[in-house]
Amino acid sequence: MNFVILVITCIFTSNIFKMLEIDKKYIVDENKKAVAVQIDIDTFNKIEQLIEDYALGHLIEENSPDEIFSLNEAKSVYRKLQKKK
């Protein structure tokens with residue numbers, strides 16, 4: 001489990017350094033005060049993916065090693081979750 005967290009953290013960290021240079025355009029009001037930032041859709045998608053990966057990493061960290069299911073237990077829990085939808 002720790003290995004997975006380490007891999008996700010490394011991916012997240014390395015992508016953050018690549019993302020430091022973001023091409024952005026500032027939207028200003030009539031007083032020339034910045035009120036918004038515009039970025040291209042590809043950059044937005046990359047940032048969104050990084051945030052999701054980061055959140056997933058935290059969820060993985062929060063899970064207790066005591067909550068490991070056998071294959072049959074996992075299938076049973078999954079079936080119950082499917083029925084709730």
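The values are calculated or read from the model by the stated rules, or taken from the named source; none is laboratory data. Keep in mind that what you see is a predicted model, and the values were worked out from it rather than measured. Cβ atoms come from the backbone with ideal geometry, glycine included; neighbour counts cover every protein chain shown.
A compact table of results
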{"item": "Test result for Asp66, loosely packed, with under 10 Cβ neighbours inside 10 Å, at pLDDT below 80 and of a type outside the set (Phe, Trp, Tyr)", "result": "yes"}
{"item": "Residues within region 23-34 that are surrounded by 10 or more Cβ atoms within 10 Å (Cβ to Cβ) and out of contact with any strand residue (DSSP E or B) (no Cβ under 6 Å at 6 or more places or on another chain), tallied", "result": "0"}
{"item": "Close pairs (6 angstrom Cβ cut-off, 6 or more residues apart or separate chains): within 13 Å of Ile22 (Cβ to Cβ) in region 45-60, among the polar types (S, T, N, Q) anywhere", "result": "Leu50/Asn15"}
{"item": "Within region 36-85, tally of residues that are out of contact with any Phe, Trp or Tyr (no Cβ under 7 Å at 6 or more places or on another chain), part of a helix (DSSP H, G or I) and under 27 Å from Tyr26 (Cα atoms)", "result": "11"}
{"item": "Residue check, Ile22 among the β-branched types (Val, Ile, Thr), part of a helix (DSSP H, G or I) and at pLDDT below 85", "result": "no"}
